[in-house]
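Mind looking over this structure? Questions follow.
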Protein chains: 2
Amino acid sequence: MKKPNIVILGAGYGGIMTTVKLQKSMGVNDANITLVNKNDYHYQTTWLHENAAGTLHHDRTRIPIKDVVNMSKINFVQDTVTAIKPDEKKVKLENSELSYDILVIGLGFEAATFGIPGLIENAFTIGDINSSRLIREHIEYNFAMYHNEKEKNQARLNIVVGGGGFTGIEFVGELANRIPELCKEYDIDKSLVRIINVEGAPTVLPGFDPQLVEYAMNSLESRGVEFVTGAMLKDCKPDSIVYEKDGKQVEVPTLTTVWAAGVRANSIVEKSGIETNRGKVEVRNDMRAPGYDDIFVIGDCALIMNPENGRPYPPTAQIAIQESYTVAHNVKALAEGHELEGFEAKILGTVASLGHTDAIGVVLNDRKLFGWKATVMKKVIDNRYLLKLGGLGLLLKKGKFNIFY
Amino acid sequence: MKKPNIVILGAGYGGIMTTVKLQKSMGVNDANITLVNKNDYHYQTTWLHENAAGTLHHDRTRIPIKDVVNMSKINFVQDTVTAIKPDEKKVKLENSELSYDILVIGLGFEAATFGIPGLIENAFTIGDINSSRLIREHIEYNFAMYHNEKEKNQARLNIVVGGGGFTGIEFVGELANRIPELCKEYDIDKSLVRIINVEGAPTVLPGFDPQLVEYAMNSLESRGVEFVTGAMLKDCKPDSIVYEKDGKQVEVPTLTTVWAAGVRANSIVEKSGIETNRGKVEVRNDMRAPGYDDIFVIGDCALIMNPENGRPYPPTAQIAIQESYTVAHNVKALAEGHELEGFEAKILGTVASLGHTDAIGVVLNDRKLFGWKATVMKKVIDNRYLLKLGGLGLLLKKGKFNIFY
């Protein structure tokens with residue numbers, strides 16, 4: 001094989017870790033490696049809810065790509081992918097076109113709105129740095145407006161979060177911490193503000209241990225979060241949402257609906273012609289797409305079944321990072337004509353934060369954690385990733401060390 | 001005279017200083033003194049443009065009334081004045097009604113829009129704490145939105161300030177300091193942002209020495225402020241403004257128009273039936289309203305001619321504070337049957353800031369100041385007021401001491 005063009009699309013958890021691994025294992029004489037990303041920074045998707053609530057500045061969440069990628073070894077292209085042409089071995093970008101010999105697709109997720117009317121137009125999503133800091137500003141703006149109108153508009157103080165999954169719960173947890181500060185800033189009576197979490201399932205955090213779920217709900221309710229479970233969002237209007245529960249429709253006035261109830265793979269993947277299953281590529285054991293020996297798929301665009309329960313692994317940072325080890329190994333093996341290895345997930349644990357001061361989690365062997373121990377565990381997980389991605393320097397710069405806050 | 005009811009309307013510069021003076025000179029057995037104010041705080045109107053630009057937090061600008069007024073000596077009513085009935089000696093509030101024997105009207109200003117279409121609906125004003133922090137949030141919100149739209153909307157980054165008087169110039173000065181920070185916060189190219197000052201007169205800061213005006217314009221232009229002088233605002237639309245200059249109409253797309261080109265006295269005064277001149281009460285030499293021996297008018301509601309040039313004194317904090325000495329003296333004198341004194345203005349100087357780092361001013365005997373000396377002078381003036389109002393404690397809490405910032 002001639003010196004191959006390796007193109008990596010997306011600098012999310014999977015893409016950036018694959019790049020960092022490859023820049024260590026392959027030299028400039030072994031391959032031309034190109035990383036394509038919309039922004040000149042990587043961000044920790046799992047921290048975005050804190051940026052959206054305003055409890056953590058977004059500059060803590062994002063990492064300039066040049067800080068972790070060696071620009072003399074990797075060709076970095078800041079551009080947006082518009083289409084993948086697997087049969088032509090080409091990728092179309094907004095401003096140019098790339099040819100590849102080996103492609104890694106790590107284009108992440110987009111919001112899935114399940115056809116609920118008005119959601120695309122009127123709801124916010126915690127999707128990236130831009131959309132998250134907009135939520136922070138939007139909430140502040142409405143609080144600032146409140147005392148500037150003769151008729152007080154309660155819709156400015158009601159915040160509805162659609163979805164009681166990971167993101168939804170972690171977001172309302174941060175909001176519960178943030179609201180008292182905002183009320184002080186804008187002279188608003190705290191008791192007027194409502195944080196309402198609407199979830200379709202009979203319980204929030206489906207899949208989590210019921211004891212931990214109860215702990216989480218108690219913790220959040222004691223800080224003013226209201227839960228409406230078993231309720232389906234029916235309509236998202238500019239100044240209200242409508243949900244249905246027990247056959248009855250309820251309308252809640254709000255100017256702030258945050259949709260955190262579903263993600264799907266980037267739709268570019270489905271449009272590429274690569275075989276997909278509900279929008280994702282069910283990859284082979286070596287992380288390659290079916291039918292294309294030169295295309296790897298990683299992170300939220302990839303679907304891998306958990307052999308233990310026959311259901312897909314959830315689209316988490318943990319899985320994406322683990323996949324990057326296999327993908328980086330296999331890209332090099334493919335380029336050099338060696339044998340590819342299979343991917344095996346190891347779920348080390350799952351921790352959901354409930355604001356800065358509380359959390360719940362399950363670690364190895366189903367051990368349950370809650371309270372400050374879980375808070376510490378969450379930070380340990382985040383810090384380990386930074387260490388893997390950029391070494392001690394990055395950890396010190398962006399890590400979370402104040403374990404009691 | 002029986003123990004008189006003295007009612008002071010408004011806790012602006014004039015009202016609060018009159019109250020503070022009276023609580024020292026009159027005891028609880030001499031008079032019932034009532035202060036009425038919409039908020040439970042006084043604020044420094046001359047600092048609001050900094051809150052609006054986001055360069056100073058509004059909590060620095062406002063002072064809780066209980067921190068300077070002795071609540072065991074003064075009856076404080078937090079309410080909004082809706083009408084004054086001078087012939088019935090009554091004041092109507094939103095939630096109650098007060099009778100007075102002696103009244104002090106210090107109800108301040110409201111924006112004068114000169115009938116320009118759309119201004120009331122679409123422009124912001126630097127009127128109080130609420131409206132000022134809303135401007136800060138509005139600008140931030142538009143910067144946050146900028147990268148969340150496919151079609152970049154330049155109107156989000158254009159800030160138009162109507163009026164090149166004191167407030168307008170001081171505001172664009174602060175904006176010039178603030179914009180680089182905001183651009184960093186929201187990843188916006190600084191060169192895209194426009195700050196446009198539109199003034200009807202042939203020059204900004206009319207009445208100021210031409211040499212100082214030129215200094216000010218150069219200082220601000222070098223920091224990116226654009227001036228359009230000799231231009232009349234014709235229309236303020238939700239997403240643009242139209243001005244006319246040299247017979248031609250120009251439309252500037254903007255979502256942020258701040259109207260700083262005119263104030264008038266609170267319209268409650270005109271509606272009260274007291275004789276007014278362009279909305280203000282041309283007070284007698286002892287600060288009493290014509291025709292009413294029991295009503296004093298102070299601050300922006302009062303009109304006093306400068307005998308030197310036959311024109312009214314400008315509505316400044318300096319004049320209002322000086323008036324409060326005469327009003328406080330005369331209220332006591334009237335209650336006790338002594339002779340009233342006449343008011344005499346002493347203009348000690350005028351300083352206009354051009355952001356944190358620059359200023360221009362004229363002090364005693366027409367001495368011109370600019371640069372850091374004027375900056376220091378401005379802070380000295382502000383600090384002197386705090387000392388007068390609340391003593392050393394207040395000065396230390398709210399004063400401006402960092403003279404080189």
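If we keep just the residues of the stretch B:3-25 that are open to solvent by 10 Å² or more (accessible area, probe 1.4 Å) and either in contact (Cβ under 8 Å) with a residue 60 or more places away in the chain or aliphatic (A, V, I, L, M) (or both), which is farthest from A:Y141 (Cα to Cα)?
Per the stated criteria, the residue is B:S25.
Does B:L119 count as closer than 30 Å to B:S272 by Cα, surrounded by 21 or more Cβ atoms within 10 Å (Cβ to Cβ) and of a type outside the set (G, A, S)? Spell out how you get there, then give the answer.
Values: closer than 30 Å to B:S272 by Cα: yes; surrounded by 21 or more Cβ atoms within 10 Å (Cβ to Cβ): yes; of a type outside the set (G, A, S): yes.
For B:L119, the condition - closer than 30 Å to B:S272 by Cα, surrounded by 21 or more Cβ atoms within 10 Å (Cβ to Cβ) and of a type outside the set (G, A, S) - is met.
What's the number of the condition A:K90 fails, among (1) surrounded by fewer than 18 Cβ atoms within 10 Å (Cβ to Cβ); (2) within 14 Å of chain B (Cβ to nearest Cβ)?
With respect to (1) surrounded by fewer than 18 Cβ atoms within 10 Å (Cβ to Cβ); (2) within 14 Å of chain B (Cβ to nearest Cβ), A:K90 is out only on (2).
Looking at the structure I just gave you, is A:E140 more than 21 Å from the chain's Cα centre (by Cα), within 27 Å of A:P180 (Cβ to Cβ), touching a residue at least 60 places away in the same chain (Cβ under 8 Å) and within 14 Å of chain B (Cβ to nearest Cβ)?
yes
Only one of these is touching a Gly at 6+ places or on another chain (Cβ under 7 Å) and more than 18 Å from B:K21 (Cβ to Cβ): B:V351, B:V376. Name it.
Just one listed residue meets the conditions, B:V351.
Within the group B:Q318, B:Q322, which residue is over 30 Å from B:L175 (Cα atoms), under 18 Å from the mean Cα position of the chain (by Cα), open to solvent by 10 Å² or more (accessible area, probe 1.4 Å) and at pLDDT 90 or above?
The conditions single out B:Q322.
Would you confirm, using the coordinates I've provided, whether B:I84 is over 26 Å from B:G163 (Cβ atoms), touching a Gly at 6+ places or on another chain (Cβ under 6 Å) and part of a strand (DSSP E or B)?
Working: over 26 Å from B:G163 (Cβ atoms): yes; touching a Gly at 6+ places or on another chain (Cβ under 6 Å): no; part of a strand (DSSP E or B): yes.
Judged against the criteria, B:I84 is not a match.
Next question, about the same structure. Here's a check for you: in the stretch B:169-187, which residue that is open to solvent by 30 Å² or more (accessible area, probe 1.4 Å) and within 12 Å of chain A (Cβ to nearest Cβ) is farthest from B:T46 (Cα to Cα)? Quick ask: steps written out before the conclusion?
Filtering the stretch B:169-187 for residues open to solvent by 30 Å² or more (accessible area, probe 1.4 Å) gives B:177-178, B:180-181, B:184-185, B:187.
When the remaining residues are screened for being within 12 Å of chain A (Cβ to nearest Cβ), the result is B:184-185, B:187.
Values: B:K184: 28, B:E185: 27, B:D187: 31 Å.
That would be B:D187.
Hey, does the stretch A:228-238 have a residue that's open to solvent by less than 70 Å² (accessible area, probe 1.4 Å), at pLDDT 95 or above and within 13 Å of A:N158 (Cα to Cα)?
No.
Now a separate question. Residues of the stretch B:95-111 being surrounded by fewer than 16 Cβ atoms within 10 Å (Cβ to Cβ) and in contact with a Lys or Arg (Cβ under 9 Å, 6 or more places away or on another chain), which ones?
Narrowing the stretch B:95-111 to residues surrounded by fewer than 16 Cβ atoms within 10 Å (Cβ to Cβ): B:95-97, B:99.
Listed by number, the residues that qualify are B:E97, B:S99.
Just the residues that are touching a strand residue (DSSP E or B) at 6+ places or on another chain (Cβ under 8 Å), touching a residue at least 40 places away in the same chain (Cβ under 8 Å) and open to solvent by 10 Å² or more (accessible area, probe 1.4 Å), please, taken from the stretch A:58-78.
Answer for the stretch A:58-78, where residues must be touching a strand residue (DSSP E or B) at 6+ places or on another chain (Cβ under 8 Å), touching a residue at least 40 places away in the same chain (Cβ under 8 Å) and open to solvent by 10 Å² or more (accessible area, probe 1.4 Å): A:R62, A:V68, A:K73, A:N75, A:F76, A:V77, A:Q78.
Shifting gears a bit: Looking at (1) crowded, with 23+ Cβ neighbours inside 10 Å; (2) under 18 Å from the mean Cα position of the chain (by Cα), find the lone condition where B:T55 falls short.
Answer for B:T55: the failing condition is (1).
Does the stretch A:128-140 contain any residue that is hydroxyl-bearing (S, T, Y), at pLDDT 95 or above and open to solvent by 50 Å² or more (accessible area, probe 1.4 Å)?
Within the stretch A:128-140 (the criterion being hydroxyl-bearing (S, T, Y), at pLDDT 95 or above and open to solvent by 50 Å² or more (accessible area, probe 1.4 Å)), the answer is no, since none of the residues qualifies.
Just checking, how many residues over the stretch B:87-101 are closer than 21 Å to B:M287 by Cα and within 26 Å of the chain's Cα centre (by Cα)? Let's see the steps before the verdict.
Taking the stretch B:87-101 first, the residues closer than 21 Å to B:M287 by Cα are B:87-91, B:99-101.
With within 26 Å of the chain's Cα centre (by Cα) added as a condition, the list becomes B:91.
Residues flagged as closer than 21 Å to B:M287 by Cα and within 26 Å of the chain's Cα centre (by Cα) within the stretch B:87-101 amount to 1.
Among the numbered criteria (1) surrounded by fewer than 22 Cβ atoms within 10 Å (Cβ to Cβ); (2) farther than 26 Å from B:V20 by Cα; (3) within 14 Å of another protein chain (Cβ to nearest Cβ), which single criterion is violated by B:T82?
(2)
Also: Whether any residue in the stretch A:149-159 is at pLDDT below 95 and either within 30 Å of A:L364 (Cα to Cα) or away from chain B (no Cβ under 14 Å) (or both) is what I want to check.
yes
One residue is enough: does the stretch B:160-168 have a residue meeting the conditions farther than 27 Å from B:Q318 by Cβ and either within 14 Å of chain A (Cβ to nearest Cβ) or in contact (Cβ under 8 Å) with a residue 40 or more places away in the chain (or both)?
Yes; the residues of the stretch B:160-168 include at least one that is farther than 27 Å from B:Q318 by Cβ and either within 14 Å of chain A (Cβ to nearest Cβ) or in contact (Cβ under 8 Å) with a residue 40 or more places away in the chain (or both).
Condition check ((1) under 30 Å from A:A289 (Cβ atoms); (2) in contact with a His (Cβ under 9 Å, 6 or more places away or on another chain)) across all residues:
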site: A:K92; (1), (2): yes, no
site: A:S99; (1), (2): yes, no
site: A:A112; (1), (2): yes, no
site: A:I116; (1), (2): no, no
site: A:N130; (1), (2): yes, yes
site: A:R136; (1), (2): no, yes
site: A:N142; (1), (2): no, no
site: A:E149; (1), (2): no, no
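Would you be able to say whether some residue in the stretch A:188-210 is within 14 Å of another protein chain (Cβ to nearest Cβ), modelled with pLDDT of 95 or more and more than 22 Å from the chain's Cα centre (by Cα)?
yes
Could you check, for the stretch B:100-109, whether at least one of its residues is among the charged types (D, E, K, R) and either within 13 Å of chain A (Cβ to nearest Cβ) or more than 30 Å from B:A328 (Cα to Cα) (or both)?
no
The values are calculated or read from the model by the stated rules, or taken from the named source; none is laboratory data. These numbers were taken from a predicted model, which means no experiment stands behind them. Neighbour counts are summed over all protein chains in view; Cβ atoms, including those assigned to glycine, are modelled from backbone coordinates with ideal geometry. Accessible surface areas use protein heavy atoms only, side chains included; no ligands, DNA or RNA. Shrake-Rupley method; radii C 1.70, N 1.55, O 1.52, S 1.80 Å.
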